[in-house]
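Undergrad: Please see the structure below; I have some questions.
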Amino acid sequence: MSLKSINPTTTASWELLNKHFEAVKDVHMSQWFAQNNDRANQMTIKWEDFYIDYSKNRITEDTLELLLKLADETKLKEAIDKYFGGDIINKTENRAVSHTALRCPKDKKVFIDGVNVIPEVFEVKKKIKDFSNDIISGDRKGYTNKPFTDIVNIGIGGSDLGPAMVVDALQYYKNQLTTHFVSNVDGDHVNEVIKKLNPETTLFVIVSKTFTTQETLSNSTTIKDWFLQSASEQDIKKHFVAVSTNIEKVKAFGVAEANIFPMWDWVGGRFSLWSAVGLSISLSVGFENFDQLLSGAHKMDEHFKNEKFESNIPVILALLSIWYANFFKCESEAVIPYSQYLNQFATYLQQAIMESNGKSVDRNGKKVNYQTGNIVWGEPGTNSQHAFFQLIHQGTKLIPSDFIGFVKSLYGNKEHQDKLMSNFIAQTEALLNGKSEEEVVLELKRQDVSDDNIKMLTPFKVFEGNKPTTTILINKLTPESLGKLIALYEHKIFVQGVVWNVFSYDQFGVELGKQLASTILSEINNDVTIVKHDASTKNILEYYKKLT
Ligand SMILES: O=P(O)(O)OC[C@H]1O[C@](O)(CO)[C@@H](O)[C@@H]1O
């Protein structure tokens, strides 16, 4: 595999960043605001309905300049052109990475292996549209001739997390259909869902790019067996559809060929919600809203592809993340959406980010000698303020946090929205400025606290501040703005992978556990005698077998 790729730590900018880090690492951000009253404006990007203020980060203009130099030295522009150009950038799987083609307008051309794929993308989109309309309108009915009431998406990983997050996020826009998600092979999970279903009015969407995933095949079989307790084999074609690249295996399962929505190997699972993997989204909110989601993502694609790096949102966010991961040595970063609609957003990002950049071998096959990947986590505000903000404010960890908020609520309750957003704004202010010893003493004195208690309490009530945040403020949560937001993070992941010189689009790390599980399952089923395990695994396996 002849690859010419660059170890970031060998670049001039990396060396300069190391020196620069020593000079700025202990400076309190508030000093930079005091020295430059235009800092906030200079470090804010206004793009369409997005307002991105990254001034509350531990950076100066020099930091930014060096990070942008790093982007240039690691050939980011060339990489972006290959990404959008349909080049085989997923080298280890010999595939293009072209989920962006799924949201292109019809008149665009994207060539993969010499073929313009846009026509077939639009063929599948039409199939999604027609099918969604038939189900939502009640024109397409179940085996007892009743309209459908429930949709069940059966899938896991990228065949679940994206659709589940978007369906939840866009529930304001949903129609009369109720959408359920079955993912884990945990039998109690699928049974809890089945309990809610009427086989006569439920549509099952089996989503599996490979159609070999144990969880999805197990759940689909369990659900099909349950369905056939009330219906007959020929009714399957009314109630089961599938999304996959593996047409033969889908047909073997019993899904009618006309009910198969194809997808492509140049769409990675964790980036596939824009394909027919997003069928449950289209069923839940209607095809028009699904198409708006794609259109928003396309707008972010164009921004990312064409905007100069110093005002390019995914580039700036990615470079900030590298600054914290590789120079401040931050162990994780948080994503805090101030909207309950986005309560699955961090969970969705965990696969997108950690399955992409959780790699320790570079694109030359050499072990890396620097940090890669981000541990990302988070929950909506204001709940997170009552959960883990103590640690972010006064703990020993430095946790760069993205605060995502919306100016307008969807139901228009201004009183609630003002309270929500006052917290959104106040938290980043508190994390920046903290509370000094003087301020604490003054406050305690005002509360008539005794001098002894003031002396005792003060150390516990001081907030250092200097905790970095990026504010992402969006006018309103709509299918389009959600599409922009998701694409923003997809491209952030891409930029990080390029700078870290890793392959972001394979996921070999998920295979070993699956292989060992299949061996242990055979041992549990006594198909084979227990093979050699370490003592711990052997004990656990024998203990389990004894009790089942
Ligand atoms: O869609 P499939 O092929 O069932 O795969 C499900 C998921 O399993 C993985 O291959 C491993 O987690 C993901 O990349 C993928 O999204």
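The values are calculated or read from the model by the stated rules, or taken from the named source; none is laboratory data. Since this is a predicted model, take the numbers as computed values, not measurements. In this analysis, Cβ positions are derived from the backbone assuming ideal geometry, glycine residues included, and neighbour counts consider all displayed protein chains. These area figures cover heavy atoms from the full protein model, side chains too; ligands, DNA and RNA do not enter into them. Shrake-Rupley method; radii C 1.70, N 1.55, O 1.52, S 1.80 Å.
Undergrad: Take Ile375 and tell me if it is aliphatic (A, V, I, L, M), more than 16 Å from the ligand (Cβ to nearest atom) and open to solvent by less than 20 Å² (accessible area, probe 1.4 Å).
TA: The answer is no for Ile375.
Undergrad: Being more than 16 Å from the ligand (Cβ to nearest atom) and either open to solvent by less than 50 Å² (accessible area, probe 1.4 Å) or of a type in the set (A, V, I, L, M, F, W, C) (or both) is the requirement here; does Ile322 meet it? Talk me through it step by step, then tell me what you get.
TA: Values: more than 16 Å from the ligand (Cβ to nearest atom): yes; either open to solvent by less than 50 Å² (accessible area, probe 1.4 Å) or of a type in the set (A, V, I, L, M, F, W, C) (or both): yes.
Answer is yes for this residue.
Undergrad: Still on this structure: Within segment 207-219, can one find any residue that is crowded, with 18+ Cβ neighbours inside 10 Å, more than 16 Å from the ligand (Cβ to nearest atom) and assigned by TED's automatic domain parsing to the domain that holds Phe287?
TA: no
Undergrad: Name the helices (runs of 4 or more DSSP H) wholly within segment 407-492 that hold at least 3 residues that are touching a strand residue (DSSP E or B) at 6+ places or on another chain (Cβ under 8 Å) and crowded, with 17+ Cβ neighbours inside 10 Å?
TA: 414-433
Undergrad: Okay, moving on. Residue by residue through segment 94-111, note down the ones that are under 25 Å from the mean Cα position of the chain (by Cα) and either of a type outside the set (Lys, Arg) or part of a loop (DSSP other than H, G, I, E, B) (or both).
TA: Those that are under 25 Å from the mean Cα position of the chain (by Cα) and either of a type outside the set (Lys, Arg) or part of a loop (DSSP other than H, G, I, E, B) (or both): Asn94, Ala96, Val97, Ser98, His99, Thr100, Ala101, Leu102, Cys104, Pro105, Val110.
Undergrad: Can you pull out the residues in segment 321-339 that are under 18 Å from the mean Cα position of the chain (by Cα), aliphatic (A, V, I, L, M) and not in a strand (DSSP E or B)?
TA: Ile322 - this is the single residue of segment 321-339 that is under 18 Å from the mean Cα position of the chain (by Cα), aliphatic (A, V, I, L, M) and not in a strand (DSSP E or B).
Undergrad: Restricting attention to segment 76-91, which residues are surrounded by fewer than 16 Cβ atoms within 10 Å (Cβ to Cβ) and part of a loop (DSSP other than H, G, I, E, B)?
TA: Gly85, Ile88
Undergrad: Another one. If Val152 passes every condition in (1) within 16 Å of the ligand (Cβ to nearest atom); (2) assigned to a helix (DSSP H, G or I) but one, which one does it miss?
TA: Unmet for Val152, out of (1) within 16 Å of the ligand (Cβ to nearest atom); (2) assigned to a helix (DSSP H, G or I): (2).
Here's the yes/no breakdown for (1) outside the structural domain of Phe494 (by TED's automatic domain parsing); (2) at negative phi:
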| position | (1), (2) |
| --- | --- |
| Phe33 | no, yes |
| Gln42 | no, yes |
| Tyr54 | no, yes |
| Ile59 | no, yes |
| Leu66 | no, yes |
| Gly86 | yes, no |
| Lys91 | yes, yes |
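Undergrad: In segment 336-372, which residues are open to solvent by 60 Å² or more (accessible area, probe 1.4 Å) and out of contact with any helix residue (DSSP H, G or I) (no Cβ under 9 Å at 6 or more places or on another chain)?
TA: Passing the criteria: Met354, Val361, Asn364, Lys366, Lys367.
Undergrad: With the structure loaded, tell me whether Phe287 is away from the ligand (no atom under 16 Å from the Cβ) and surrounded by fewer than 22 Cβ atoms within 10 Å (Cβ to Cβ) or whether it fails that test.
TA: The answer is yes for Phe287.
Undergrad: Right, next: Scanning segment 152-169 for residues that are surrounded by fewer than 22 Cβ atoms within 10 Å (Cβ to Cβ) and not charged (D, E, K, R), which turns out nearest to Phe240 (Cα to Cα)? Before you say what the answer is, go through the steps one by one.
TA: Here is the first cut: in segment 152-169, the ones surrounded by fewer than 22 Cβ atoms within 10 Å (Cβ to Cβ) are 156-157, 168.
Then drop every residue that is not not charged (D, E, K, R), which leaves 156-157.
On the way: Ile156: 17, Gly157: 20 Å.
If we take residues in segment 152-169 being surrounded by fewer than 22 Cβ atoms within 10 Å (Cβ to Cβ) and not charged (D, E, K, R), then Ile156 is nearest to Phe240 (Cα to Cα).
Undergrad: If Trp274 passes every condition in (1) in contact with a Gly (Cβ under 6 Å, 6 or more places away or on another chain); (2) within 16 Å of the ligand (Cβ to nearest atom) but one, which one does it miss?
TA: All conditions are met except number (1).
Undergrad: Same structure, new question: Does segment 365-398 hold any residues that are under 18 Å from the mean Cα position of the chain (by Cα) and of a type outside the set (D, E, K, R), and which are they?
TA: Going through segment 365-398, the residues under 18 Å from the mean Cα position of the chain (by Cα) turn out to be 372-381.
Thr372, Gly373, Asn374, Ile375, Val376, Trp377, Gly378, Pro380, Gly381 - these are the residues of segment 365-398 that are under 18 Å from the mean Cα position of the chain (by Cα) and of a type outside the set (D, E, K, R).
Undergrad: Is it true that Asp139 is assigned by TED's automatic domain parsing to the domain that holds Ile194, more than 16 Å from the ligand (Cβ to nearest atom) and within 20 Å of Gln292 (Cβ to Cβ)? Before you say what the answer is, go through the steps one by one.
TA: Values: assigned by TED's automatic domain parsing to the domain that holds Ile194: yes; more than 16 Å from the ligand (Cβ to nearest atom): yes; within 20 Å of Gln292 (Cβ to Cβ): no.
Judged against the criteria, Asp139 is not a match.
Undergrad: Restricting to segment 506-529, count the residues that are assigned to a helix (DSSP H, G or I) and polar (S, T, N, Q). Show your work before the answer.
TA: Here is the first cut: in segment 506-529, the ones assigned to a helix (DSSP H, G or I) are 508-524.
If we keep only those that are polar (S, T, N, Q) too, we end up with 515, 518-519, 522.
Looking only at that region, the number is 4.
Undergrad: Checking Leu398 against (1) in the same structural domain as Ile322 (by TED's automatic domain parsing); (2) touching a strand residue (DSSP E or B) at 6+ places or on another chain (Cβ under 8 Å); (3) surrounded by 14 or more Cβ atoms within 10 Å (Cβ to Cβ), which test does it fail?
TA: Here Leu398 clears every test but (2).
Undergrad: Can you tell which of Gly286, Gly296 is more than 20 Å from the chain's Cα centre (by Cα) and small (Gly, Ala, Ser)?
TA: Step by step, each of Gly286, Gly296 is checked, and only Gly286 is more than 20 Å from the chain's Cα centre (by Cα) and small (Gly, Ala, Ser).
Undergrad: OK, next. Cβ-Cβ below 7 Å, separation at least six or inter-chain, first residue in segment 193-208 and within 18 Å of Phe253 (Cα to Cα), second more than 16 Å from the ligand (Cβ to nearest atom) and outside any strand (DSSP E or B): which pairs?
TA: Leu203/Ile135; Leu203/Phe148; Leu203/His239; Phe204/His239
Undergrad: Filter segment 256-271 for residues that are under 14 Å from the mean Cα position of the chain (by Cα) and buried (at least 24 other Cβ atoms within 10 Å of the Cβ); which is nearest to the ligand (Cβ to nearest atom)?
TA: So in segment 256-271, the residues under 14 Å from the mean Cα position of the chain (by Cα) come out as 268-271.
Then drop every residue that is not buried (at least 24 other Cβ atoms within 10 Å of the Cβ), which leaves 269-271.
Values: Gly269: 3, Arg270: 5, Phe271: 9 Å.
The selected residue is Gly269.
Undergrad: Another question, if that's okay. Quick check, is Phe253 touching a Ser or Thr at 6+ places or on another chain (Cβ under 6 Å) and within 16 Å of the ligand (Cβ to nearest atom)?
TA: The answer is no for Phe253.
Undergrad: From the set of residues in segment 34-65 that are in contact (Cβ under 8 Å) with a residue 40 or more places away in the chain and part of a helix (DSSP H, G or I), which is least open to solvent (accessible area, probe 1.4 Å)?
TA: Once the filter is applied, the top-ranked residue is Thr63.
Undergrad: Moving to a separate point now. May I ask you to verify whether Ala276 is among the aliphatic types (A, V, I, L, M) and crowded, with 20+ Cβ neighbours inside 10 Å?
TA: Yes; evaluated as a whole, the condition is true for this residue.
Undergrad: Count, please, the residues in segment 171-206 that happen to be within 15 Å of the ligand (Cβ to nearest atom) and either among the basic types (Lys, Arg) or open to solvent by 50 Å² or more (accessible area, probe 1.4 Å) (or both).
TA: Count: 2.
Undergrad: In segment 94-107, how many residues are farther than 18 Å from Val277 by Cβ and open to solvent by less than 70 Å² (accessible area, probe 1.4 Å)?
TA: Restricting attention to segment 94-107, the residues satisfying the condition of being farther than 18 Å from Val277 by Cβ are 94, 105-107.
Those still in the list that are open to solvent by less than 70 Å² (accessible area, probe 1.4 Å) too: 105.
Of the residues in that region, 1 qualify.
Undergrad: How about segment 505-548: which of its residues are in contact (Cβ under 8 Å) with a residue 24 or more places away in the chain and out of contact with any Leu (no Cβ under 9 Å at 6 or more places or on another chain)?
TA: Once the filter is applied, which keeps residues that are in contact (Cβ under 8 Å) with a residue 24 or more places away in the chain and out of contact with any Leu (no Cβ under 9 Å at 6 or more places or on another chain), segment 505-548 yields Tyr505, Asp506, Gln507, Phe508, Gly509, Val510, Lys514, Ala517, Ser518, Thr548.
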